[in-house]
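Contents: one structure, followed by commentary.
The values are calculated or read from the model by the stated rules, or taken from the named source; none is laboratory data. Since the model is a prediction, treat every value here as computed from it, not as a measurement. As a convention, Cβ positions derive from the backbone with ideal geometry for all residues, glycine included, and neighbour counts pool all protein chains shown.
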Amino acid sequence: MKIKLFDDDEVTDKAYINIKNGLYWLSPPDLARTHVEELYSETKHLLDKKFHKQLKYDFYACYAEMYFAAALQSRCGYHLTHPSDKGLDFYIPELNCWVEVVNATDGDPGKFDSIPPIVFEQYSGYPEDKVILRLANAISVKFKKIRSDLERHLLKPDQPIVLCLSGGGLSERIPMYPEGGFPQIVKALLPVGDLKLWLARDSRQVVSKEFVYKGHVHKSNGSAVSTECFLDEANRYISAVIFSYANPGMPVERSQRGCDFYTVHNPLAANPLPNGFITCGLEYTVILNEELVIINPPISHERNDA
């Protein structure tokens, strides 16, 4: 039976319209639509009652829910449930863990702190601080909701909580960073600044390198947005954040779902999750001591050494 997700001709959401009509760069053009319908067929039992309505005006947010849920099931092997529309999005009984999904946006078009649209054939630098601002904003909003849910006893304080953050709809959705550096999601959660190199004057060889401590990103009005989210005890009930840049316009095969995941563990987590609880993408663990924030080299779950 044909799944009727794209049955409205009056919708104005551009992503919905493009997927519905087909994308010329894919072969066949309806590949993205088939991909979305496949995700829906696997996750429809987990979605809110308002999902079909929301899909038509907030497509990327709905796609993010389906993609994360499908990847956690098919790639990580977890059984997910959806106990109620009132609480967080998903529950993983095996981990006694809640999962909440949030979608990052470019911000209001034309505003200085928003991510500008990409203009092809025109050079522009990567707007890292603006990307970090948009990620930090989405994280902050959801962290406040989760703290509210804890206060309302919709969640238990001994249950891990994972925030899944989608950047699939961002103009700059793919993380950009040098080898040995850190993706923007890490920089939105931990105070990681620019890479500083120390060179020997005579040999001109690199003798040492370090990352500058950067506890804030500044908005155009001068106000500071903290990047110390995972150093704040108020956020201790968030066990980890998973970032994904999956986009329906570049469909991911079922066996590769989650290859785009960047998982960051909270070093202050009240209910820490074990290393390797996510079996795809890159996974960052963090160690704190009195003087240092140590971000371990990421675990790559996509590397095939066989």
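Condition (residue is in a loop (DSSP other than H, G, I, E, B), without any contact (Cβ under 8 Å) to a residue 12 or more places away in the chain and within 14 Å of Pro248 (Cα to Cα)) applied to region 5-19: is it met by at least one residue?
Going residue by residue through region 5-19, those that are in a loop (DSSP other than H, G, I, E, B) are 5-13.
Still in the running and without any contact (Cβ under 8 Å) to a residue 12 or more places away in the chain: 7, 9-10.
Filter again for within 14 Å of Pro248 (Cα to Cα), leaving none.
No, that holds for no residue.
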Filtered residues of region 236-286 (kept if of a type in the set (Gly, Ala, Ser) and buried (at least 19 other Cβ atoms within 10 Å of the Cβ)): Ser239, Ala240, Ser244, Ala246, Gly258, Gly281
Among the residues of region 149-196, what is the count of those that are farther than 30 Å from His82 by Cα and free of Cβ contacts under 8 Å to residues at least 12 places away in the same chain? 2
Pick from Glu210, Glu233: which is charged (D, E, K, R), surrounded by fewer than 22 Cβ atoms within 10 Å (Cβ to Cβ) and either in contact with a strand residue (DSSP E or B) (Cβ under 8 Å, 6 or more places away or on another chain) or over 18 Å from Val293 (Cβ atoms) (or both)? Glu210
Could you say which residue among Arg257, Arg204 is of a type in the set (Lys, Arg) and modelled with pLDDT of 90 or more? Arg257
Mind checking whether some residue in region 43-51 is modelled with pLDDT of 95 or more, β-branched (Val, Ile, Thr) and either in a loop (DSSP other than H, G, I, E, B) or farther than 28 Å from Pro175 by Cβ (or both)? no
